[in-house]
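*Asks:* Attaching a single structure in structure tokens format; questions to follow.
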Amino acid sequence: MSEASNHQFIRRMIFLGIIQIVFILILVGRMCYLQIFEGSHYRLLAEGNRIATRPVVPLRGQIYDRHGVLLAQNETNFRVIFLTDKRSEVEETLYTLSGLITLSDEEKKALNVIHKKRGLDSVIIKDNLTWEEVSAIELHTAELPGISIEIGSTRRYPKVEAGAHLLGYVASSSEKEQVNDAMLTISGLKVGKVGLEKYFDKDLRGNPGHSAFEINAKRKVVRELYQIPSSTGQDVHLTIDSRLQDYAQSVLSRYESASAVVIDIHTGDILALVSNPSFDPNLFPKGIGHKPWNELQENPYVPMTNKAISGLYAPGSTVKLFVALAALELRVIHKNDTVYCPGHTYVGNHKFHCMHAHGNVNVSRAIVESCDVFFYEVGKKIGIDRLSAFYRDFGLGEGGLENFPHCKKGLVPTKDWKKEKKNTNWNVSDTVQVSIGQGFMLASPLELAVAMARLAGGGKKISPSLTKQDLTVFEKMEINPEHLETILEASKGVVNEPNGTAFRHRIQTPGLEMAGKTGTSQVRRITLAQRKAGLTKTHHLAWKYREHGLFIGHASHYAIAVVVEHAGGSGPAAQAARDILEKAQILERDEGCQAKSS
């Protein structure tokens, strides 16, 4: 090789060496950059390949009655957890798992959201597994990457139907609910849907914790790295007496559709709140199927509706107690003044009927025998403005439970209301109808129970409550005690005098007597031809055309309101109230005996 060729070769070698050195420096520099400046980022990504996070669903607070009886509790259950971030594993595992256990459409959807999550978060595929399902999954665990069994809890309602409407139930949250509350996106967390479960949901649900697990290549948990425990929700202690609640439910089960509310007239404690027919709330935490849901929805007696707080009815003659008190208080009539009842009265050309001709009746007899004509006449003298204000003082049209789910306010109409809603003026005929609880007027059983409690409690504006609270001093209405006594004595006559409208349904046990007022609520107009033919009763008609039966009453320190839908008269409501009030007093008496003996 010539000297020139040798020099050229050396130059090429030097050039290649320089290029190699530059590449090595670039590589070393990049490695240093990744190690020093980006090291923490890539270490985190590496950790993500072996560490899975899982929210710890908190135990829901439990619900107790006034004596410490559990009404809503938590029970241990087994659930299947899926942990993966691979779409292929989702489809394969779904296929294998479907062959071992039954998965609903909703549960299959849970698998499809996994690949949308970031990292390796886990999702509960199915809750409340049976022993057979647990065994099947454990036997095939090698074929189910990412699948594991976890111990959790589920909601159970021991009283079943007796507490369904009051307690409500929990179920998985909807997408709309999740938008408003990020906590509800946690897999397995149940939310209160109706009743007390919804009313106290944020207190009952607690706060979630957090767990981190080391997993292997097959997505199996190797060990728990750390856990931030969840905090259990607050327990709720109710004013409800579950014994009375159970008994009231059994009494109302005699009828197709009915409701009742019992209140302590001194404290406002709601002791029983019942609606019939009822349903099994235990169906919902586990996920109710389409067939039982459709059966509930299609039932003509609407078992999913809490009629005690959301059922609105014309209160009928039950309001005569309050109209009579208003008449005395406003000096429209005096205690011994009489009104002549020929069996009807006229307002203009319109004839308003009474049950029969009562002759001369004073305020007490008008209540005892429920004379409509008496209340037509005093109602006209009171006037709708003063009468509406008096109704509201006793809680009618106020709803009763502020912000309670599905609790509806009744309607106490006024001149302004009619002008706004009906675009027409108020007239005397409207006042006449409202004076006997008909026309535009509506009330819920809860409102009627509150009104009775305020009357029987001496004119105190008690507020109903479902949870135990410190002794409250209620505002006292400015009512003449003599007028109040006159009305309460007349309410005793309704039940305990032979000519009283509820005499047949009185409590006959000495010392447990009740008082009250009957009422009926028409659901169809009785024509003049039907009146002439004597067809004013509705017993012979189809159920939905019969009039509602109502009764409001009191005994000892209990006030009650009962509505029996389409009963054809007030008798069934009075019977139900009698049985419930008698039971309440017997329970109270037995408690007193036990306390003395101990």
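The values are calculated or read from the model by the stated rules, or taken from the named source; none is laboratory data. Since this is a predicted model, take the numbers as computed values, not measurements. Cβ sites come from the backbone with ideal geometry, for glycine too, and all protein chains shown count toward neighbours.
*Asks:* If we keep just the residues of region 123-139 that are surrounded by 14 or more Cβ atoms within 10 Å (Cβ to Cβ) and not aliphatic (A, V, I, L, M), which is farthest from R54 (Cα to Cα)?
*Replies:* The selected residue is E133.
*Asks:* State all residues of region 539-568 that are over 18 Å from Y247 (Cβ atoms) and surrounded by fewer than 20 Cβ atoms within 10 Å (Cβ to Cβ); if no residue qualifies, say none.
*Replies:* H539, H540, L541, A542, W543, K544, Y545, G568
Residue by residue, here is whether (1) touching a helix residue (DSSP H, G or I) at 6+ places or on another chain (Cβ under 6 Å); (2) β-branched (V, I, T); (3) surrounded by 10 or more Cβ atoms within 10 Å (Cβ to Cβ); (4) at pLDDT 75 or above holds:
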site	(1), (2), (3), (4)
S2	no, no, no, no
S5	no, no, no, no
G17	no, no, yes, no
Y33	no, no, yes, no
L44	no, no, yes, no
G68	no, no, no, yes
A72	yes, no, yes, yes
L94	yes, no, yes, no
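*Asks:* Taking region 493-544 on its own, how many of its residues are at pLDDT 95 or above, outside any loop (DSSP other than H, G, I, E, B) and charged (D, E, K, R)?
*Replies:* Number of matching residues: 2.
*Asks:* Then there's this: Examine region 165-187 for a residue that is within 18 Å of R54 (Cβ to Cβ), touching a Phe, Trp or Tyr at 6+ places or on another chain (Cβ under 6 Å) and in contact (Cβ under 8 Å) with a residue 40 or more places away in the chain, and state whether such a residue exists.
*Replies:* So far as region 165-187 goes, no, none of its residues is within 18 Å of R54 (Cβ to Cβ), touching a Phe, Trp or Tyr at 6+ places or on another chain (Cβ under 6 Å) and in contact (Cβ under 8 Å) with a residue 40 or more places away in the chain.
*Asks:* Have a look at N207, N216 and point out the one that is of a type outside the set (D, E, K, R), at pLDDT 85 or above and loosely packed, with under 15 Cβ neighbours inside 10 Å.
*Replies:* Among N207, N216, only N207 is of a type outside the set (D, E, K, R), at pLDDT 85 or above and loosely packed, with under 15 Cβ neighbours inside 10 Å.
*Asks:* Kindly evaluate N306 against the criterion of being surrounded by 16 or more Cβ atoms within 10 Å (Cβ to Cβ) and either outside the structural domain of V562 (by TED's automatic domain parsing) or in contact with a helix residue (DSSP H, G or I) (Cβ under 6 Å, 6 or more places away or on another chain) (or both).
*Replies:* So N306 passes the test.
*Asks:* For region 206-213, indicate whether the set of residues that are under 30 Å from A272 (Cβ atoms) and under 16 Å from the mean Cα position of the chain (by Cα) is non-empty.
*Replies:* no
*Asks:* Give me the strands (runs of 3 or more DSSP E) completely within region 241-352, filtered to those with at least 1 residues that are under 20 Å from the mean Cα position of the chain (by Cα), within 30 Å of V523 (Cα to Cα) and of a type in the set (S, T, N, Q), ordered by residue number.
*Replies:* Answer list for region 241-352: 258-264, 270-276.
*Asks:* While we're on this one: It is to be established whether one or more residues within region 353-373 are over 21 Å from L484 (Cα atoms), in contact (Cβ under 8 Å) with a residue 24 or more places away in the chain and in a helix (DSSP H, G or I).
*Replies:* yes
*Asks:* Let me spell it out: the conditions are (1) touching a Phe, Trp or Tyr at 6+ places or on another chain (Cβ under 9 Å); (2) polar (S, T, N, Q); (3) in a helix (DSSP H, G or I), and N403 meets all of them except one. Which number is the exception?
*Replies:* Answer for N403: the failing condition is (3).
*Asks:* If I ask for residues that are in a strand (DSSP E or B) and of a type in the set (D, E), which ones from region 126-168 would you list?
*Replies:* Matches in region 126-168: E150 only.
*Asks:* Could you look through region 438-482, keep only residues that are aliphatic (A, V, I, L, M) and in a loop (DSSP other than H, G, I, E, B), and pick out the one that is nearest to Y376 (Cα to Cα)?
*Replies:* M441
*Asks:* Let me ask something additional. Just to be sure before I move on: is I333 out of contact with any Gly (no Cβ under 6 Å at 6 or more places or on another chain), among the β-branched types (V, I, T), assigned by TED's automatic domain parsing to the domain that holds L442 and touching a residue at least 60 places away in the same chain (Cβ under 8 Å) in the structure I sent?
*Replies:* It is false that I333 is out of contact with any Gly (no Cβ under 6 Å at 6 or more places or on another chain), among the β-branched types (V, I, T), assigned by TED's automatic domain parsing to the domain that holds L442 and touching a residue at least 60 places away in the same chain (Cβ under 8 Å).
*Asks:* Condition first: surrounded by fewer than 21 Cβ atoms within 10 Å (Cβ to Cβ) and within 27 Å of S153 (Cβ to Cβ). Now tell me which residues in region 280-302 satisfy that.
*Replies:* Matches in region 280-302: D280, N282, L283, K286, G287, I288, G289, H290, K291, P292, W293, L296.
*Asks:* Right, here's the next one. Determine whether A490 is small (G, A, S), at pLDDT 95 or above and under 31 Å from the mean Cα position of the chain (by Cα).
*Replies:* When the stated conditions are applied, A490 does not pass them.
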